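Taken together, the values in this text are just the output of simple stated rules run on the coordinates, not laboratory data. Bear in mind that the values here come from a model prediction, so they are computed numbers and not experimental data. Note that each Cβ is placed from the backbone with ideal geometry, even for glycine, and that neighbours are counted across all protein chains shown.
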Amino acid sequence: MVLARRPRGWGTLDNGTTREELEDGIENGLTFLSSRTHETNGIQQTHLGPSRMELNRPNSLPPERFSSLLALLHLEGSVSEETSFKWHTCVGPLPTPTHPTTNYFSTNASYKLPDDIDATSLMYLVNERHITQAHKNSLARVLLSNTTEDGILQTYVPPRGTHVSTDICVNAMCQTLLYKLELDKGSMPTEKDLLHHLSAKEYLKGSRYYPSPDTFLFYLSRAVAQSRRALLRFKPQLYSNIVSRLGSTRFPMDSAQRLLALHNVGELQAVRVRHLVAKEVQNLMKQQRDDGGWELDALFTTGKSPLIFLGSREMPTILAVAALQNLAATE
């Protein structure tokens, strides 16, 4: 489903971008994603490198489900049934209440990692309609017991071996699910920790597994969009921090995450940010390639020194298209 065309000049941003130009960018991005999905049967090719600017080495890791989960969360209603089916196939079925968690990889046959709470949270947010009370009970037991001594959620669930860590972006994603399922009263130490990182601006350093500060703002904004409690708890400081980040980097994926965060907190059309939003959109539009996609970028790192960055062209394209769709719908 592509937004209906309107005559050129119908609605413009402060930088002169017209609605038709937005819609062309959206349509071209969706075409790129559909084409890549059919070429690879839904599997995203991950590239590795020593930085976000140097992702030049295709890897032999198993297929990952995280990109397809993000695509389904933001774009499922905008693509063909065939493309959606391939994304769902790559993601796999919803976990059972007996084993309610899942993994970054869509298959773990050749590369062993414990299940993690951000992929798990995203899986349930995508499959919200299929969550049963048995799932909810099992998730409460597994997630809320998987904490540090201070009560902070841990990234990996048992059995996790030596993989013991916390991550503010991971926890912001998981907190979104807990708000959604009304289980957040059991994660108040994590909520307090997220507010501390926001208030003290510690998120500006990036996190263990997510190098961009804007990922923290984007993930936390999803929590605000899900829950009145999160809205009251986080929105004033979150909105202020998003505004302060607008235009701060030129990575398209950063611009997209900042625009998505503004949308999630209900301020995409605020007068005070309109000219800054226009510049972010201009940055996105300038960097869209002729095939409709955006350049390689890394959402993740391995979290261990020396850091290895993991990225693709699909991930920034998914987020960029989602951000432009929000804007086209409200212009």
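Data overview
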item: Charge-dipole axis of the chain as Lys and Arg at +1 and Asp and Glu at -1 on Cβ define it, positive-most pick from Leu194, Ser221, Pro100; result: Leu194
item: Dipole moment magnitude, nearest 20 debye, region 93-245 about Cα centre, only Lys, Arg, Asp, Glu C-beta charged; result: 340 debye
item: Size of charge dipole - the chain - debye, nearest 20, with Cβ of Lys, Arg +1 and Asp, Glu -1, no other charges; result: 640 debye
item: Angle between the chain longest axis and helix 66-75 axis [Cα atoms, degrees, rounded to 10]; result: 50 degrees
item: Val265, Val271 arranged by Cβ crowding within 10 Å, fewest neighbours leading; result: Val271, Val265
item: Debye, to nearest 20: dipole size of region 185-321, +1 on Lys, Arg Cβ, -1 on Asp, Glu Cβ; result: 560 debye
item: Expected 222 nm ellipticity per residue - DSSP helices of 4 or more, -39500 (n - 2.57), all of the chain, to 500; result: -16000 deg cm²/dmol
item: Lysine pairs meeting the criterion (Cα under 20 Å, 8 or more apart or interchain), as found in region 93-245; result: 9
item: Anisotropy class of region 93-245 from Cα gyration tensor, a/c 1.5 cut; result: prolate
